[in-house]
Amino acid sequence: MVERKEYLQKLWSWKDEQVIKVVTGIRRCGKSTLLKQYQNKLKSAGVTEEQIISINFEELENEPLLDYKSLYQYIKERLCEDKMTYIFLDEIQKVTSFEKVVDSLHVKENIDIYITGSNAYMLSGDLATLLTGRYVEISMLPLSFKEYVEITGILKEQAFSEYMKTGGFPYIAVMDRTDEKVEIYLEGIYNTVIVRDIEDRQSRKEMNCGKRKITDITLLKTIARYLASVIGSPISIKSITNYLISSGRKVSANTVSDYVDALTESFIFYSVDRFDIVGKQLLKVNKKLYMVDLGLRNHILPRKRRTMLA
């Protein structure tokens with residue numbers, strides 16, 4: 001396992017504090033591995049197996065626990081008396097109404113809760129309302145260049161060239177990095193994020209009839225490619241809409257806004273807003289969007305365009 005020392009230390013600094021630890025980040029950036037490493041660290045510090053409850057909701061054997069009442073009962077029956085119980089809920093957004101479980105557990109004594117999710121939408125709505133001021137978010141990214149060099153053990157010059165090309169997803173750093181294998185791996189991540197995580201996000205939005213659904217995956221991928229091609233340039237919803245219309249797509253600015261939100265909430269893109277130094281006000285237009293990983297950006301850009309931007 002690739003040890004993410006920085007994030008491990010962040011989690012450890014919040015150990016036993018009465019706040020819920022929420023680890024967020026794009027799929028395959030190492031969230032599940034981080035939880036396992038943290039559990040090993042707890043055991044090394046004297047925490048027993050009985051004090052740890054760990055559930056990964058992507059594992060088929062945990063499917064019965066996707067019902068929030070069943071999940072709560074399962075955890076409740078395994079809580080330790082008079083000792084701290086450490087609860088790890090991985091990809092918790094798959095559980096409908098999971099907020100009720102987390103909130104109910106949080107108010108009990110001797111409980112330390114850690115949850116992960118691959119979509120920022122899990123931190124909106126009911127969770128934010130129920131847990132305002134009672135959770136801390138640890139935002140996780142793929143490997144930094146420093147981590148990539150440490151893990152691969154290759155010279156910095158070669159490492160930099162590879163890092164710029166293949167990106168920093170942890171598994172890529174330890175795999176046999178042929179062009180074909182890297183492309184296949186990145187394609188898997190991209191399609192999973194675009195389809196499954198957007199789908200998870202959508203299922204949580206269905207309770208709000210005023211929200212438009214993300215139904216056109218082709219449009220979503222088109223917007224993602226466009227955003228990847230203009231990294232670092234100021235953009236607005238209007239400029240994206242005009243580009244799509246000029247390319248022959250009939251689309252409204254409201255729809256584009258929803259699709260961009262879906263891409264940022266899935267942690268594929270991160271937005272940076274402009275700041276008016278004089279007025280000390282955050283401006284709402286012409287922000288910049290940056291992609292989470294260079295390898296993923298290279299993967300979705302057309303090869304000719306990718307070469308021009310290199």
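The values are calculated or read from the model by the stated rules, or taken from the named source; none is laboratory data. Because the structure is predicted, anything quoted here is derived from the model rather than measured. Glycine gets a Cβ as well: all are built from the backbone with ideal geometry, and neighbour counts include every protein chain shown. When the accessible area is computed, the model is the full protein with side chains, heavy atoms only, and any ligands, DNA or RNA have been set aside. Shrake-Rupley method; radii C 1.70, N 1.55, O 1.52, S 1.80 Å.
Projecting the Cα positions of Asn40, Ile55, Leu66 onto the charge dipole of the stretch 1-95 (unit charges on Cβ atoms of Lys, Arg, Asp and Glu, taken about the Cα centre) puts Asn40 furthest along the positive direction. Modelled spin-label separation between Ile231 and Thr178, with each label point placed 7 Å from Cα along the Cα-to-Cβ direction: 2.6 nm.
Basic side chains Lys and Arg get +1 at the Cβ, acidic Asp and Glu get -1 at the Cβ, and with that the dipole of the stretch 11-60 about its Cα centre reaches some 300 debye. Computed on the chain, with alpha-carbon pairs under 8 angstrom and 6+ residues apart, the relative contact order is 19 percent. Once both axes come from the Cα atoms, what is the angle between helix 217-229 and the longest principal axis of the chain, in degrees from 0 to 90, rounded to 10? Orientation of helix 217-229: about 70 degrees from the principal axis. Which one of Ala228, Thr241, Ser144 has its Cα pushed farthest toward the positive end of the charge dipole of the chain, where Lys and Arg give +1 and Asp and Glu give -1 at the Cβ? Result: Thr241, furthest along the dipole toward the positive end. Each of the peptides 242-250, 257-265, 101-109 was scored by the mean count of other Cβ atoms within 10 Å over its residues; in descending order, highest first, they stand as 257-265, 101-109, 242-250. Working note: 222 nm ellipticity from helices only, DSSP H runs with n ≥ 4, each -39,500 (n - 2.57), summed and divided by the residues of the chain, gives -13000 deg cm²/dmol to the nearest 500. Counting only Cβ charges, +1 for Lys and Arg and -1 for Asp and Glu, the dipole size of the stretch 83-193 around its Cα centre is about 300 debye. Antiparallel beta bridges, as assigned by DSSP with both residues in the chain, represent about 25 percent of the total such bridges. Within the accessible area of the chain, what % is carbon and sulfur when the probe is 1.4 Å and the other protein chains stay in place? About 50 percent, which is the carbon plus sulfur part of the accessible surface. Sorting the segments 54-66, 11-23 by their mean number of nearby beta carbons within 10 angstrom, highest to lowest, gives 11-23, 54-66. Each Cα pair under 8 Å and six or more residues apart adds its separation to the average, and for the stretch 27-161 the resulting relative contact order is 24 percent. Surface analysis of the stretch 136-203 yields an accessible area of 51 Å² per residue, using protein heavy atoms and a 1.4 Å probe.
For Met84 and Gln202, a Förster radius of 45 Å and the Cβ-Cβ distance give a FRET efficiency of 0.75, rounded to the nearest 0.05. The computed semi-axes √(5λ) of the Cα gyration tensor in Å for the structure shown corresponds, within (1) 39, 38, 19; (2) 28, 24, 20; (3) 35, 25, 18, to (3).
Its Cα centre serving as origin, the chain has a Cβ charge dipole (Lys and Arg +1, Asp and Glu -1) of approximately 1540 debye.
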